[in-house]
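A.B. asks: What follows is a structure written as structure tokens; I'll ask about it next.
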Amino acid sequence: MNFKKLGNTDLKVSTICLGTMTWGEQNNQKEAFEQMNYALDSGINFFDTAEIYPSPCFEKTYGSTEKIIGNWFKEKKNREQVILASKISGPGLSWVRNGGPQYSEQNIKKAIEDSLKRLQTDYIDLYQLHWPERKTNFFGRLNYKHQEKEDSWNDFEKILIILEKFIKQGKIRHIGLSNETSWGLSKFLEVSKLKTLPKMMSVQNSYNLLCRTYEIGLAEISIREKSGLLAYSPLAGGFLTGKYRNNNLPENSRQKLFGEYYTRYKKPDASIVIEKYWDISNEFNLNFAQMAIKFCEIQKFLTSVIIGATTIEQLKINIESVNVNLTEEIIRKINDLQIIYPNPCP
């Protein structure tokens with residue numbers, strides 16, 4: 001396993017992070033325990049979750065993933081072996097603290113304390129804001145439309161002051177962002193420096209062979225400011241495994257079960273580009289999924305790649321990507337294809 005520092009902290013996290021968002025929906029507790037056991041035995045020390053998981057997110061399953069992780073900690077008594085990341089939901093879900101603005105002190109306090117209870121732990125190593133509270137582009141949206149008069153949202157300084165209180169209490173150790181923009185990250189970093197407040201140590205955004213928009217602006221900030229990417233969807237929701245090629249729709253797959261919720265990687269040119277990446281993996285005798293994950297892992301702006309799996313077999317393949325070598329020729333062919341078909345699924 002490979003390791004990198006989380007921001008400028010003293011925490012060294014595995015460059016493969018165990019994603020958990022299927023636990024409590026597609027995976028039961030027994031299967032989740034098997035995944036956590038295998039991941040830990042394979043050298044992974046970094047797990048990522050969220051209060052609203054599993055995904056897709058429903059009121060009836062809210063908090064289920066954190067509960068499963070908490071039960072595992074209780075059984076294994078190994079909390080200190082895991083660097084644990086979780087997230088507070090952004091606004092918009094009516095069944096999460098009434099759905100309004102979430103980043104007030106009252107809501108952050110409740111969210112942290114409820115997560116700690118479900119996780120059966122005293123602290124969360126990395127606490128992330130799941131998506132921005134202001135009106136902006138996230139979750140792959142394009143065509144930013146600025147609103148001169150916005151709904152009320154907490155400003156950056158207030159959020160950092162609130163989070164600092166919980167850091168001082170020992171309930172969270174470090175903070176990060178998710179689904180954030182270049183301006184948002186820059187503003188948080190600027191305020192933290194000017195006001196001597198906690199720094200955002202990471203940004204959890206989508207990054208994969210079909211969506212490399214992080215490289216446009218956020219990559220430079222991540223490297224210069226030591227606030228690295230935690231890449232989610234490195235396999236583009238399973239499309240970069242090849243299992244959906246030729247309009248195939250395997251039983252119990254995410255697209256079969258929840259395709260209407262996950263349309264990001266169904267854009268017009270996506271299937272064409274996927275075939276061309278598939279051809280590259282075949283040309284060099286690489287597993288398609290491992291090639292896709294490794295391409296993410298080797299980026300200088302990246303801290304960790306978040307992998308998710310519904311079977312232990314998938315998990316093994318994903319983790320073994322750390323042993324894959326992408327030659328300069330392979331990377332050149334990947335980049336040449338990106339020039340022809342730039343970010344088909346932003």
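The values are calculated or read from the model by the stated rules, or taken from the named source; none is laboratory data. Keep in mind that this is a model prediction, so the values were computed, not measured. Don't worry about glycine lacking a Cβ; one is built from the backbone with ideal geometry, like all the others, and counts go over all protein chains shown. Note: areas computed on protein heavy atoms with side chains; ligands, DNA, RNA excluded. Shrake-Rupley method; radii C 1.70, N 1.55, O 1.52, S 1.80 Å.
A.B. asks: Can you sort GLU328, GLU225 by solvent-accessible area, 1.4 Å probe, largest first?
C.D. replies: Ranking GLU328, GLU225 by accessible area, largest first, yields GLU328, GLU225.
A.B. asks: Could I ask something else about it? For the chain, modelled as a Gaussian network with Cα springs under 10 Å, which listed residue fluctuates most, TYR127, TYR244, TYR232?
C.D. replies: Per the Cα network of the chain with a 10 Å cutoff, TYR244 tops the list.
A.B. asks: Over the chain, what percent of the accessible surface lies on carbon and sulfur atoms, probe 1.4 Å?
C.D. replies: 48 percent
A.B. asks: For ASP10, ASP125, ASP155, ASP279, write out the residues from largest to smallest accessible area, computed with a 1.4 angstrom probe and no ligands counted.
C.D. replies: Final ranking, largest accessible area leading: ASP10, ASP279, ASP155, ASP125.
A.B. asks: With a ≥ b ≥ c taken as the square roots of the eigenvalues of the C-alpha gyration tensor of the range 173-248, please select rounded if a/c is under 1.5 and otherwise prolate if a/b is larger than b/c or oblate if it is not?
C.D. replies: prolate
A.B. asks: Could you report the range 126-241's accessible area per residue, 1.4 Å probe, as an integer in Å²?
C.D. replies: On a per-residue basis, 45 Å².
A.B. asks: Quick check on the chain: of the DSSP beta bridges with both residues there, what percent are antiparallel, nearest 5%?
C.D. replies: 10 percent
A.B. asks: Hey, what does the equivalent ellipsoid look like for the range 13-100, semi-axes from the Cα gyration tensor as sqrt of 5 times each eigenvalue, largest first, whole Å?
C.D. replies: Gyration-tensor ellipsoid for the range 13-100: 24, 14, 11 Å.
A.B. asks: If I build a Gaussian network model for the chain, linking alpha-carbon pairs within less than 10 angstrom, which residue out of LEU197, LEU218, LEU142 has the largest mean-square fluctuation?
C.D. replies: LEU142
A.B. asks: Also, I was wondering about something else. Taking the Cα centre of the chain as origin, work out the dipole magnitude from +1 charges on Lys and Arg Cβ and -1 charges on Asp and Glu Cβ, in debye rounded to 20.
C.D. replies: The dipole magnitude comes to about 600 debye.
A.B. asks: Which residues in the range 246-261 have a backbone N closer than 18 Å to a point placed 7 Å from the Cα of PHE58 along the Cα-to-Cβ line?
C.D. replies: Once the point is set 7 Å along Cα→Cβ of PHE58, 252-261 turn out to lie under 18 Å by backbone N, inside the range 246-261.
A.B. asks: Please say if the range 99-219 is rounded, prolate or oblate, where rounded means a/c under 1.5 for a ≥ b ≥ c the square roots of the C-alpha gyration tensor eigenvalues, and otherwise the choice is prolate for a/b larger than b/c and oblate otherwise?
C.D. replies: Prolate, because a/c is 1.5 or more and a/b exceeds b/c.
A.B. asks: In nm, give the distance between the simple-model label positions of ASN98 and GLU328, each being 7 Å from the Cα along the Cα-to-Cβ direction.
C.D. replies: 6.1 nm
A.B. asks: Whole angstrom only: what separates the Cα centroid of the range 300-319 from the Cα centroid of the range 35-68?
C.D. replies: 13 Å
A.B. asks: Sorted by accessible area with a 1.4 angstrom probe, largest first, how do HIS174, HIS130, HIS146 fall?
C.D. replies: HIS146, HIS174, HIS130
A.B. asks: Hey, can you rank 280-292, 203-215 by average C-beta count inside 10 Å, highest first?
C.D. replies: Descending mean neighbour count gives 203-215, 280-292.
A.B. asks: Where the centre of each part is set by its Cα atoms, how far does the range 181-202 sit from the range 74-144, in angstrom?
C.D. replies: Each part reduced to its Cα centre gives a spacing of 18 Å.
A.B. asks: Remind me, relative contact order of the chain in percent, using alpha carbon pairs under 8 angstrom and six or more residues apart?
C.D. replies: Normalised by residue count, the contact order of the chain is 18 percent.
A.B. asks: Taking K and R as +1 and D and E as -1, what net charge do the other residues with C-beta under 14 Å from the C-beta of GLU313 add up to?
C.D. replies: So the environment of GLU313 carries a net charge of -1.
A.B. asks: What is the local net charge at PRO346, summed over the other residues whose Cβ is closer than 10 Å to its Cβ (Lys, Arg +1; Asp, Glu -1)?
C.D. replies: So the surrounding residues net to +4.
A.B. asks: Now for a different question. Add +1 for every Lys or Arg and -1 for every Asp or Glu among the other residues with Cβ under 10 Å from the Cβ of ASP122, and state the total.
C.D. replies: Counting the neighbours of ASP122, the net charge comes to +2.
A.B. asks: In terms of the Cα gyration tensor, with a ≥ b ≥ c the square roots of its eigenvalues, is the range 226-346 rounded because a/c is under 1.5, prolate because a/b exceeds b/c, or oblate?
C.D. replies: Note, shape of the range 226-346 comes out rounded.
A.B. asks: Moving to a separate point now. Mind checking which of THR241, PRO346, HIS174 is farthest towards the positive end of the chain's charge dipole, using Cβ charges of +1 (Lys, Arg) and -1 (Asp, Glu) about the Cα centre?
C.D. replies: It is HIS174, whose Cα lies furthest towards the positive end.
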